[in-house]
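Engineer: Next up is a structure, given as structure tokens.
The values are calculated or read from the model by the stated rules, or taken from the named source; none is laboratory data. Quick caveat: nothing in here was measured; it's all calculated off a predicted structure. Here the Cβ positions follow ideal geometry from the backbone for every residue, glycine too, while neighbour counts run over all protein chains shown.
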Amino acid sequence: GAVVSQHPSWVICKSGTSVKIECRSLDFQATTMFWYRQFPKQSLMLMATSNEGSKATYEQGVEKDKFLINHASLTLSTLTVTSAHPEDSSFYICSAGRWETQYFGPGTRLLVL
Amino acid sequence: SQQGEEDPQALSIQEGENATMNCSYKTSINNLQWYRQNSGRGLVHLILIRSNEREKHSGRLRVTLDTSKKSSSLLITASRAADTASYFCATGRQGGSEKLVFGKGMKLTVNP
């Protein structure tokens, strides 16, 4: 149990386009989901906490207009990188909270050309 | 901000040996968790220890917690090549479905 999927697994896009990443908890309901960004050989950087039915809570320094988060149901949260630029290229990982534990998706590798 | 600091940052051992990783943190916590990440993948939850616990076991994993020293250790016994991965400690301050603060991670390489 406690499986989280993430789609797409990788995406290449042109600078200026928007990219949507989906995070789904497949076998449990998650009122809280989390979005992280990870640079090569570094730790996870929490971007925002996504709460079902309410606005996401963004970490300091993360642009909420740049990284749009929607948590419309108990099993789905989406992250949209708007007007992506090469510096947004990274590995994006979501997780779904179940009590104290977080269950992670496999990640989405974004490359912006 | 990152709270956990894993030590060492990289460890290379032979299959069958034990691997010990340490994690230090700065503030009071409700729980401490260890996660594993294979290269280019998401994280997998390994084990959770609460602030009122001192030791916990799960299969070949043994985790200890010393709240007076604000430190934890993860021991992997009889390591296997498949244990090669990055390991992260993460702390939760309140319990429940809250954000976790992850350490920088430690790269473990188990040579066959």
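Engineer: Sort out which residues of segment A:42-74 are touching a Lys or Arg at 6+ places or on another chain (Cβ under 8 Å) and exposed (fewer than 15 other Cβ atoms within 10 Å of the Cβ), and write them in order of number.
Structural biologist: A:Gln42
Engineer: Okay, next question. List the strands (runs of 3 or more DSSP E) inside segment B:4-83, counting only whole elements, that have at least 2 residues being surrounded by 15 or more Cβ atoms within 10 Å (Cβ to Cβ).
Structural biologist: Per the criteria, B:5-7, B:10-14, B:19-24, B:31-37, B:43-50, B:61-66, B:71-76.
Engineer: Can you tell me which of A:Leu26, A:Leu46, A:Leu68 is in contact (Cβ under 8 Å) with a residue 40 or more places away in the chain and among the hydrophobic types (A, V, I, L, M, F, W, C)?
Structural biologist: A:Leu26
Engineer: What residue, of B:Ser58, B:Ser39, is within 14 Å of chain A (Cβ to nearest Cβ), out of contact with any Lys or Arg (no Cβ under 8 Å at 6 or more places or on another chain) and over 26 Å from A:Lys41 (Cα atoms)?
Structural biologist: From the options B:Ser58, B:Ser39, the qualifying one is B:Ser58.
Engineer: If you take the residues of segment A:96-113 that are more than 23 Å from B:Gly92 (Cβ to Cβ) and part of a strand (DSSP E or B), which of them is nearest to the other protein chains (Cβ to nearest Cβ)?
Structural biologist: A:Arg109
Engineer: Let me ask something else about it. Can you confirm whether A:Arg37 is of a type outside the set (A, V, I, L, M), touching a Phe, Trp or Tyr at 6+ places or on another chain (Cβ under 7 Å), surrounded by 15 or more Cβ atoms within 10 Å (Cβ to Cβ) and modelled with pLDDT of 95 or more?
Structural biologist: yes
Residue-by-condition table, conditions (1) at the interface with another protein chain (Cβ under 8 Å from one of its Cβ atoms); (2) farther than 29 Å from B:Glu6 by Cβ:
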site: A:Thr17; (1), (2): no, yes
site: A:Cys23; (1), (2): no, no
site: A:Thr32; (1), (2): yes, no
site: A:Phe39; (1), (2): no, no
site: A:Thr49; (1), (2): yes, no
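Engineer: Can you tell me which residue is surrounded by the fewest Cβ atoms within 10 Å (Cβ to Cβ) among those in segment A:75-95 that are assigned to a strand (DSSP E or B) and touching a Gly at 6+ places or on another chain (Cβ under 8 Å)?
Structural biologist: A:Phe91
Engineer: Also, quick follow-up: If you go through segment A:51-61 one residue at a time, do you hit one that is aliphatic (A, V, I, L, M) and either in a strand (DSSP E or B) or in contact with a Leu (Cβ under 8 Å, 6 or more places away or on another chain) (or both)?
Structural biologist: no
Engineer: A further question on this structure: I'm told A:Ala72 meets every condition in (1) touching a strand residue (DSSP E or B) at 6+ places or on another chain (Cβ under 6 Å); (2) more than 11 Å from chain B (Cβ to nearest Cβ); (3) in a strand (DSSP E or B) except one. Can you identify the failing condition by its number?
Structural biologist: For A:Ala72, the exception is condition (1).
Engineer: Also, I was wondering about something else. Name the single residue that is modelled with the highest pLDDT among those in segment B:84-96 being closer than 21 Å to B:Ile29 by Cα and either surrounded by fewer than 21 Cβ atoms within 10 Å (Cβ to Cβ) or more than 14 Å from chain A (Cβ to nearest Cβ) (or both).
Structural biologist: So, considering only residues that are closer than 21 Å to B:Ile29 by Cα and either surrounded by fewer than 21 Cβ atoms within 10 Å (Cβ to Cβ) or more than 14 Å from chain A (Cβ to nearest Cβ) (or both), the one modelled with the highest pLDDT is B:Arg93.
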